[in-house]
Structure formats: C-alpha cells, structure tokens
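Visitor: Before anything else, here's the structure in question.
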Amino acid sequence: MKAEQKWKSGQGKLQKKVKKSVGLGICVFLTLLLVSQLHYEKRIQKFVLRNEEELTEFTKNYLEVEQRERRHMFEEWKEENGYSVQLTGLFPENVVAFYMGGFGLAPSSVYYGFYYSPEDIPVGTGEGQLVKAERDNAGWSWQGYGDNGGEIRKIKPHWYYYKCWF
C-alpha cells in the first residue's frame with residue numbers, strides 16, 4: 001500500500017515537472033517569436049542599405065522590361081547575387097516589392113518586406129487609404145477590409161519598408 005502511494009506521489013511530481021517544462025518551453029517560444037518579429041524592420045533596413053546599388057539597378061531595369069520577361073529576369077538576378085528575397089504582387093505594378101518573411105496562417109498572417117518606388121511616393125496595397133501616422137517620422141498606415149492593414153516606413157529616398165497583415 002505504501003509503495004503504491006509512493007509510486008502515485010512520484011508520478012504526480014513527474015507530471016508537475018512535465019507541465020512546468022512544457023509551459024516554460026511555450027513561453028520561450030513565444031518570446032523568441034516576438035523578438036524575431038521586432039527585428040524584421042531593422043534587418044530589412046540593413047539589407048536595403050547594404051545592397052542599395054544592386055537593388056536600385058535591378059529595379060530600374062525590371063521596370064523597363066516587358067511584363068512577360070520580368071519573372072525570368074528576377075530569377076537570374078536573384079541567383080547571381082544569392083539574395084533570399086521574393087517578388088510580391090501585394091502592391092501596384094508601378095513599384096517593385098520584395099517579400100522578406102512573415103508568419104501566421106490565413107486569415108491571420110503578417111508579411112514583411114520592402115519596395116522601390118520610382119516616384120519616391122509611399123503606396124499601399126490599394127485596399128485602404130494611406131494616411132500619415134500620428135507620431136513624428138512614423139511613416140504611413142492603412143486599414144483595409146475587416147482586419148487587413150499595413151504600415152510603411154521610408155528607409156531612404158525611393159526605398160520603403162512594409163508590414164502588411166491580412
């Protein structure tokens with residue numbers, strides 16, 4: 001009888017330790033996820049500033065070629081330079097937008113990237129009116145249908161960081 005009680009007591013302690021470990025693991029995971037999302041903007045800014053010359057040359061050439069040639073041109077350029085970026089169709093055709101990462105599952109996803117605007121004008125996805133953010137030098141934001149929206153910040157002339165959620 002005492003052996004059975006000891007065994008049950010030991011099992012209960014083990015379950016508590018497992019629960020604590022799982023809870024701690026979840027907290028660490030969520031913290032790392034949050035921290036990684038906060039660094040997207042800085043990573044993207046550094047990437048654009050470090051590779052500005054190549055990016056600008058590519059985007060200007062990209063906008064000059066016909067639509068049907070663009071995908072092949074991008075794949076060649078990406079392979080030559082070893083960049084881990086993707087083109088995105090989130091923005092109007094008059095800008096060249098690059099996707100750098102994101103997370104979530106539809107209908108709750110967040111996308112991060114940057115784009116080149118030849119006219120140096122901030123643009124949204126066309127889903128809501130772009131408005132200047134309230135804070136000084138904070139950039140622009142838009143609110144689309146439902147919970148869709150986004151933020152844009154200027155990296156330097158012609159180059160903008162974006163964060164979109166859908």
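The values are calculated or read from the model by the stated rules, or taken from the named source; none is laboratory data. Computed from a predicted structure; not experimentally measured. Cβ sites come from the backbone with ideal geometry, for glycine too, and all protein chains shown count toward neighbours.
Visitor: Is there any pair with a first residue in segment 100-114 that is assigned to a strand (DSSP E or B) and a second that is at pLDDT 75 or above and of a type in the set (D, E, K, R) whose Cβ atoms are under 6 Å apart and which are 6 or more apart or on different chains, and what are they?
Guide: Matching pairs, first to second residue: Tyr112/Lys163.
Visitor: Would you point out the residue of segment 129-166, among those that are modelled with pLDDT under 80 and at positive phi, that is surrounded by the fewest Cβ atoms within 10 Å (Cβ to Cβ)?
Guide: Asn137
Visitor: Condition first: closer than 16 Å to Lys163 by Cβ and assigned to a loop (DSSP other than H, G, I, E, B). Now tell me which residues in segment 118-136 satisfy that.
Guide: Pro122, Val123, Gly124, Thr125, Glu127, Gly128, Leu130, Ala133, Arg135
Visitor: May I ask you to verify whether Pro122 is within 22 Å of Asn51 (Cβ to Cβ), touching a Lys or Arg at 6+ places or on another chain (Cβ under 8 Å) and crowded, with 16+ Cβ neighbours inside 10 Å?
Guide: Spelling it out, Pro122 is indeed within 22 Å of Asn51 (Cβ to Cβ), touching a Lys or Arg at 6+ places or on another chain (Cβ under 8 Å) and crowded, with 16+ Cβ neighbours inside 10 Å.
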